[in-house]
Amino acid sequence: MYKSSLRSLDEHSANNEVAGSTQASRRGRRNRGVDLATFVLHWSLVAALALSFLSGMRIAADATDAGLSRLIAVAAPQGDVFFMHLLSAGVLVALLAGYTVVLMLTNRWRRILMSPRRIVASFRETNGPRWRSVNAIAYWFGTLSMILAMATGLYKYVMPGWFPAERVSDIHRLAAWCILGYPLLHVLAQAGIGGWQQLKRMLTFAVRFIGQEHSGLCAIALVLALLYGVHTSLATDLVIERVETPPTLDGRPEDQIWKRSAITSVRTFGGVNLPGGETTVDVRAVHDGERAWFLFEWDDPTRSLKHLPLIKTEAGWKVMQTGFDRHDEDVYYEDKFAVMLSATGKAPASGTVHLGESPLAGRPGPAGGRGLHYTTDGSIADVWHWKAVRSGQSMGLADDNHFGPPMEPYTIDPHFWRRAPVQGHEEGVIRYTGGYEKDWHSGGGVGMNWEIFNSELVTPLRLPADPGVLFALGRPDLTPHTSDIGRWWIEVDESLPYTPEDDHYRVGTILPSVLLKGPMTGDRADVAAQASWADGRWRLEMSRVLDTGSRDDVELSDGVYLWVAVFDHSQTRHSRHLHPIRLVFR
């Protein structure tokens with residue numbers, strides 16, 4: 001019996017030594033760090049997630065009702081943020097696919113994504129299992145939040161039109177906030193499992209699971225290739241047929257040519273004042289070998305022609321505005337429509353949109369702090385900017401502009417706007433616009449009917465020669481969201497220079513702020529345009545020669561990309577779409 005007891009004791013000691021050796025071996029493996037695949041994928045996911053979240057906060061901060069996102073945007077990147085967000089989101093999806101493959105092949109997914117039953121049971125045990133359950137909950141929470149963010153992001157990327165874009169954006173934003181809570185919970189759980197040593201493991205790696213690493217890389221490459229294929233296939237073709245007799249440029253779609261032309265529709269979103277921020281633009285086009293004609297149609301419940309009218313008060317003349325003093329007017333403004341043409345189809349807007357308070361180092365920030373338009377590769381994006389009053393009704397044109405490389409700071413007409421001098425520039429800068437510039441013109445155009453803008457009172461430049469003409473210019477109803485009638489500009493030829501002695505107008509008199517100097521000439525007048533509004537819908541015809549020969553214009557030819565934007569009585573907050581329309585000439 002004594003010998004038997006000694007033998008049992010020896011066996012017990014041997015078992016303890018084996019167990020101790022096994023535990024030491026496990027500790028040694030843990031101290032070596034995680035495997036290489038997990039290390040690379042983990043930190044790549046962290047980087048992609050951080051860039052995706054911060055770039056998303058920069059985009060969200062541009063909304064009129066932005067709150068916390070605007071505070072976080074202080075640390076967010078600036079510049080071509082839309083492309084950053086799309087790229088980081090695509091990389092994030094690919095990395096998650098690769099990470100999933102590695103977890104499946106190494107059979108570690110069971111440990112990470114514990115079943116709800118195991119999670120409940122583990123909370124009855126010691127601290128270690130409890131923290132592992134917290135970690136599993138964090139994984140479940142993060143995974144579901146990412147799936148929701150990716151699903152809504154994919155919807156916004158493709159925009160099939162099944163659900164309201166604003167509601168999808170709200171869900172997408174909520175998912176992003178949930179994702180922010182995931183890493184905090186994950187780090188807390190890891191610290192509870194193994195303290196500082198557990199956290200330090202994620203900073204070191206060991207070369208293990210070589211085959212699984214290769215499989216993960218293959219999955220990442222496959223998903224990236226798939227996403228790129230989807231991206232390149234989302235451009236929509238606009239077929240432009242050749243015709244012998246062109247349509248009449250009158251802003252009406254009754255021509256038989258238009259009825260025979262194919263319609264390409266693009267859904268735009270994010271526009272202020274539009275119902276739900278959305279409207280669909282129908283596009284048709286024809287050409288005769290020398291010139292092209294376009295017909296654009298979109299829903300807009302109100303025809304808005306009032307552009308910052310002046311009203312006579314007891315103290316003097318005042319500009320009616322709610323946000324023009326920060327270049328963000330969304331009430332007393334005319335309807336507008338923009339077309340952008342570019343040789344490249346990079347989404348969105350051919351890389352010309354750069355958000356932030358200072359997207360250009362060493363240059364002034366944008367007025368209002370929202371962002372600038374410019375190109376970074378020296379190219380030119382042609383911009384046709386139709387303004388219902390200032391170019392459309394008054395001159396029958398769309399203002400021919402362009403986005404180009406960033407301009408040097410300069411001073412423009414002080415009748416429009418004045419800003420304090422910018423550090424490093426002696427003259428001071430007035431509304432720096434990056435690369436957004438009007439094409440060359442030799443004369444004509446419109447101006448604002450005040451000397452220097454002030455949010456309190458202004459001095460008009462001119463008064464009508466015939467005071468009775470004011471009653472024909474526009475109706476006195478200034479309700480912001482009613483359809484306007486009348487003419488909301490004054491011609492120089494029918495007016496006189498302002499003098500206090502001639503200012504006998506009674507309090508409450510409305511004076512148009514748009515001063516027509518004469519028809520524009522030169523490159524800026526290349527695009528003819530006529531529009532009509534009826535039954536809550538704009539019809540706009542534009543026409544331009546295929547090749548103007550100007551360095552500021554893009555030749556209309558096969559493979560050129562086109563974007564559109566709708567401004568519903570808004571100065572800058574237009575609707576938009578991610579993927580371009582590709583011109584196909586026949």
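The values are calculated or read from the model by the stated rules, or taken from the named source; none is laboratory data. Predicted model only: the values in this text are computed from it and were never measured. No Cβ is skipped: glycine too gets one built from the backbone with ideal geometry, and neighbour counts run over all protein chains shown. Please note that ligands, DNA and RNA were not included when accessible areas were found on the heavy atoms of the full protein model with its side chains. Shrake-Rupley method; radii C 1.70, N 1.55, O 1.52, S 1.80 Å.
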> Do any residues in the stretch 40-58 that are over 18 Å from residue 153 (Cβ atoms) and touching a residue at least 12 places away in the same chain (Cβ under 8 Å) have Cβ atoms under 8 Å from those of residues that are among the small types (Gly, Ala, Ser) and in a helix (DSSP H, G or I), where the two are at least six apart or on different chains, and which pairs are they?
Replying inline: 41/98; 41/216
>> Suppose we filter the stretch 283-310 for residues that are within 20 Å of residue 570 (Cα to Cα) and of a type outside the set (Phe, Trp, Tyr); how many remain?
In response: 13
>> So the check is Cβ under 9 Å with 6+ separation or different chains; which pairs have a first residue in the stretch 393-409 that's of a type in the set (Phe, Trp, Tyr) and a second one that's outside any strand (DSSP E or B)?
In response: 403/349; 403/350; 403/352; 403/374; 403/375; 403/379; 403/380; 403/435
> Of the residues in the stretch 504-527, how many are in a strand (DSSP E or B) and open to solvent by 30 Å² or more (accessible area, probe 1.4 Å)?
Replying inline: 3
>> Can you say whether residue 240 is of a type outside the set (Lys, Arg) and part of a strand (DSSP E or B), as far as the supplied structure shows?
In response: yes
> Which members of the stretch 523-554 meet the condition of being closer than 23 Å to residue 393 by Cα and hydrophobic (A, V, I, L, M, F, W, C)?
Replying inline: 525, 527, 528, 529, 531, 533, 534, 538, 540, 542, 545
>> I'd like the full set of residues that are open to solvent by 10 Å² or more (accessible area, probe 1.4 Å), farther than 22 Å from residue 156 by Cβ and not aliphatic (A, V, I, L, M), limited to the stretch 255-282.
In response: 255, 256, 259, 260, 261
> So how many residues does the stretch 243-276 have that are closer than 20 Å to residue 532 by Cα, of a type outside the set (Val, Ile, Thr) and in a loop (DSSP other than H, G, I, E, B)?
Replying inline: 12
> Restricting the first residue to the stretch 335-363 and requiring it to be farther than 25 Å from residue 57 by Cα and in contact (Cβ under 8 Å) with a residue 24 or more places away in the chain, which pairs with a second residue that is open to solvent by 10 Å² or more (accessible area, probe 1.4 Å) and among the polar types (S, T, N, Q) meet a Cβ separation below 7 Å and a spacing of at least six or different chains?
Replying inline: 342/350; 343/379; 344/350
> Which of the residues that make up the stretch 360-374 are touching a Gly at 6+ places or on another chain (Cβ under 6 Å) and not in a strand (DSSP E or B)?
Replying inline: 374
>> Checking residue 134 against (1) surrounded by fewer than 14 Cβ atoms within 10 Å (Cβ to Cβ); (2) at pLDDT below 85; (3) among the hydrophobic types (A, V, I, L, M, F, W, C): exactly one of these is not met. Which one?
In response: (1)
>> For the stretch 528-578, give me each residue that is crowded, with 18+ Cβ neighbours inside 10 Å, among the acidic types (Asp, Glu) and in a loop (DSSP other than H, G, I, E, B).
In response: 552, 553, 568
> Looking at residue 179, is it farther than 30 Å from residue 259 by Cα and either crowded, with 16+ Cβ neighbours inside 10 Å or of a type in the set (Val, Ile, Thr) (or both)?
Replying inline: yes
>> Condition check: in a helix (DSSP H, G or I), at positive phi and not hydrophobic (A, V, I, L, M, F, W, C). Does residue 216 satisfy that?
In response: no
> residue 201 passes all but one of (1) among the basic types (Lys, Arg); (2) closer than 30 Å to residue 45 by Cα; (3) open to solvent by 80 Å² or more (accessible area, probe 1.4 Å); which number fails?
Replying inline: (3)
>> Condition (residue is at pLDDT 55 or above, open to solvent by 50 Å² or more (accessible area, probe 1.4 Å) and not aliphatic (A, V, I, L, M)) applied to the stretch 46-61: is it met by at least one residue?
In response: no
>> Yes or no: the stretch 213-229 includes at least one residue that is free of Cβ contacts under 8 Å to residues at least 40 places away in the same chain, of a type in the set (Val, Ile, Thr) and either open to solvent by 50 Å² or more (accessible area, probe 1.4 Å) or out of contact with any Asp or Glu (no Cβ under 9 Å at 6 or more places or on another chain) (or both).
In response: no
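Taking the residues in the stretch 361-395 that are of a type in the set (A, V, I, L, M) and over 22 Å from residue 551 (Cβ atoms) as candidates, determine which candidate is surrounded by the fewest Cβ atoms within 10 Å (Cβ to Cβ).
Step one: filter the stretch 361-395 for residues of a type in the set (A, V, I, L, M), giving 361, 367, 372, 380-381, 383, 388-389, 395.
Keeping just the survivors that are over 22 Å from residue 551 (Cβ atoms) gives 361, 367, 388-389, 395.
Working: 361: 7, 367: 19, 388: 26, 389: 26, 395: 22.
Result: 361.
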>> Looking at the structure I just gave you, is residue 75 modelled with pLDDT of 75 or more, open to solvent by 50 Å² or more (accessible area, probe 1.4 Å) and under 21 Å from residue 55 (Cβ atoms)?
In response: yes
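Which one is farthest from residue 266 (Cα to Cα) among residues in the stretch 312-331 that are touching a Pro at 6+ places or on another chain (Cβ under 6 Å) and not in a strand (DSSP E or B)? Let's see the steps before the verdict.
Step one: list which residues in the stretch 312-331 are touching a Pro at 6+ places or on another chain (Cβ under 6 Å), which gives 317, 320, 331.
From what is left, the residues that are not in a strand (DSSP E or B) are 320, 331.
Values: 320: 34, 331: 26 Å.
Per the criteria, the residue is 320.
Restricting attention to the stretch 283-311, and to residues there that are part of a strand (DSSP E or B) and open to solvent by 30 Å² or more (accessible area, probe 1.4 Å), which single residue is nearest to residue 268 (Cα to Cα)?
The initial filter retains those residues of the stretch 283-311 that are part of a strand (DSSP E or B), namely 283-287, 291-299, 310-311.
Next cut, open to solvent by 30 Å² or more (accessible area, probe 1.4 Å) only: 291, 299, 311.
Numbers: 291: 27, 299: 11, 311: 35 Å.
For the stretch 283-311, the residue satisfying everything is 299.
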> Taking interchain pairs and intrachain pairs at least six residues apart, which have beta carbon atoms under 7 angstrom, with the first residue in the stretch 277-296 and over 15 Å from residue 584 (Cβ atoms) and the second of a type in the set (Phe, Trp, Tyr) and not in a strand (DSSP E or B)?
Replying inline: 295/258
